[in-house]
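Engineer: Got a structure for you, written out below as structure tokens; questions coming shortly.
The values are calculated or read from the model by the stated rules, or taken from the named source; none is laboratory data. All figures in this text were calculated on a predicted structure; none of them were measured in a lab. Glycine gets a Cβ as well: all are built from the backbone with ideal geometry, and neighbour counts include every protein chain shown.
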Amino acid sequence: MAKIFKAATAGSLPKPSWLAETEKLWPAWKDSGDALTEKKKESAAMWIDAQEQSGIDIISEGEQFRIHFVHGFLETIEGINWDKKTSMGIRNDRYVVEVPTVTEALKKSESIHAKDAKFLRSKTEKLTKFTLPGPMTISDTIANEFYADKAEMAMEFAKLLNDEAKTLCNEGIDIIQFDEPAFNSFLKESIEWGMDAMEVAIDGLECKTAIHICYGYGIEENLNWKKTLGDQWRQYENLFPAINQSNIDQVSLEFAGSRVPPELMRLLPDKEIMAGVISVVGDHIETAEEVEKNIISALDHVEAERLIPCTNCGMAPISVDVAKQKLQALGEGTKRAAKRIS
Ligand code: ZN
């Protein structure tokens, strides 16, 4: 019998201290050149192994090859001036960061992550997932001095992302996930043009596609923002009907310890749902029983066949040790839930 639940992570995992600065969103690498490349591989292999040992069935490289989930994709794109840093409020001014600036037409001459995808594929027999930033989120994390507006720039990024995603599928990746945390900050724009850009990004892909929309990493700015959102976080209510009509296969949702009304899952009747059953705060390590309970309660709103137990978001800013324990709880809790309903 096919396995009922296939657990996954949302994507990023922490970088160990011998690879980069720890518990930071934009950490500095601890090495350079070939030595750094080897360390990245070693770290990715460690996480691939840790996921397998924990019983996770959809394996990622934990984003060990890139410095940040958005800027890692941008590093080799032409048309971006990295010396022209602009101080910009991102995610609707939730935080201010120094970002590079688009000053010419965007162009991509080579694959950005093909080698990383090839490495991941060579290290596991299980299903693989590779994450890319979504076009709207990229456009919200870079300054624009070239295109008419953010929407036009996002559409250009979407074309480059589509080309990259096709390359990654050809390397044998099973699921390409686009991370669109910006959707939750720009509800109107997400529907007006964010999903159009997403359709361009996934156009013609032969592997499965996923969209991850979250309330952000478990860092202070996000935790403070969440406090302003009230008793019920209903942002998904606005987004999900549009996403359900799209060609995306899988949709993620923050569920563990969040104030998202779980019945919002019902707005995605035609999609697989990656329900976050592990929170991404560093000071709470879920038990397997807790994960099991989260999965069972998600089943009130989604059939088991469409449910993918997942983490709420990436775990990049927490410690390696805590992330490993969370992976174990995810794998173990998933196994317990499967047993309980079988
Ligand atoms: Zn996230």
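Engineer: Pairs only if they're at least six apart or on different chains, beta carbon under 7 angstrom, first in the range 13-24 and at negative phi, second basic (Lys, Arg); list them, first residue then second.
Structural biologist: Pairs found: TRP18/LYS30; TRP18/LYS39; LEU19/LYS30; LEU19/LYS39; LEU19/LYS40; ALA20/LYS30; THR22/LYS15.
Engineer: Here's a follow-up. Tell me which strands (runs of 3 or more DSSP E) are completely within the range 25-142 and hold 2 or more residues being exposed (fewer than 13 other Cβ atoms within 10 Å of the Cβ) and at pLDDT below 95, or say none if there are none.
Structural biologist: 78-90, 95-107
Engineer: Does ILE191 satisfy being among the hydrophobic types (A, V, I, L, M, F, W, C), in contact (Cβ under 8 Å) with a residue 40 or more places away in the chain and within 16 Å of the ligand (Cβ to nearest atom)?
Structural biologist: No: the conditions fail for ILE191.
Engineer: Let me ask something else. Filter the range 201-230 down to residues that are of a type in the set (Gly, Ala, Ser) and more than 19 Å from the chain's Cα centre (by Cα) and give me whichever is nearest to the ligand (Cβ to nearest atom).
Structural biologist: Residue satisfying both the conditions and the ranking: GLY230.
Engineer: Can you confirm whether VAL291 is part of a helix (DSSP H, G or I), buried (at least 24 other Cβ atoms within 10 Å of the Cβ) and over 18 Å from the mean Cα position of the chain (by Cα)?
Structural biologist: yes
Engineer: Within the range 284-337, work out how many residues are away from the ligand (no atom under 16 Å from the Cβ), under 20 Å from GLU220 (Cα atoms) and among the small types (Gly, Ala, Ser).
Structural biologist: Selection size over the range 284-337: 1.
Engineer: Looking for whichever is surrounded by fewer than 22 Cβ atoms within 10 Å (Cβ to Cβ), farther than 23 Å from TYR215 by Cα and of a type in the set (D, E, K, R) here; the options are GLU272, GLU332. Which one fits?
Structural biologist: GLU332
Engineer: Filter the range 6-20 down to the residues that are surrounded by fewer than 24 Cβ atoms within 10 Å (Cβ to Cβ) and either within 13 Å of the ligand (Cβ to nearest atom) or closer than 15 Å to HIS68 by Cα (or both) and list them by number.
Structural biologist: Correct list: PRO16, LEU19, ALA20.
Engineer: Need pairs with beta-carbon distance below 9 Å; first residue closer than 19 Å to GLU189 by Cβ and within the range 142-166, second among the basic types (Lys, Arg) and assigned to a helix (DSSP H, G or I); sequence gap 6+ or separate chains.
Structural biologist: From residues that are closer than 19 Å to GLU189 by Cβ, the pairs are ASN144/LYS150.
Engineer: In the range 210-234, how many are free of Cβ contacts under 8 Å to residues at least 60 places away in the same chain and crowded, with 20+ Cβ neighbours inside 10 Å?
Structural biologist: Residues meeting the conditions: 1.
Engineer: Here are some conditions: (1) modelled with pLDDT under 95; (2) surrounded by 22 or more Cβ atoms within 10 Å (Cβ to Cβ); (3) not β-branched (Val, Ile, Thr). SER319 meets all but one. Which one does it not meet?
Structural biologist: Every condition holds for SER319 apart from (2).
Engineer: Answer yes or no: is there a residue in the range 251-259 that is away from the ligand (no atom under 16 Å from the Cβ), at pLDDT 90 or above and surrounded by 19 or more Cβ atoms within 10 Å (Cβ to Cβ).
Structural biologist: Checked the range 251-259: no residue is away from the ligand (no atom under 16 Å from the Cβ), at pLDDT 90 or above and surrounded by 19 or more Cβ atoms within 10 Å (Cβ to Cβ).
Engineer: Report, by residue number, each residue of the range 266-279 that is under 14 Å from GLN328 (Cα atoms) and not polar (S, T, N, Q).
Structural biologist: Within the range 266-279, VAL277, ILE278 qualify.
Engineer: If you check THR311, THR334, which single one turns out to be farther than 18 Å from LYS15 by Cα, modelled with pLDDT of 95 or more and of a type in the set (Ser, Thr, Tyr)?
Structural biologist: Just a single option satisfies the conditions, and that option is THR334.
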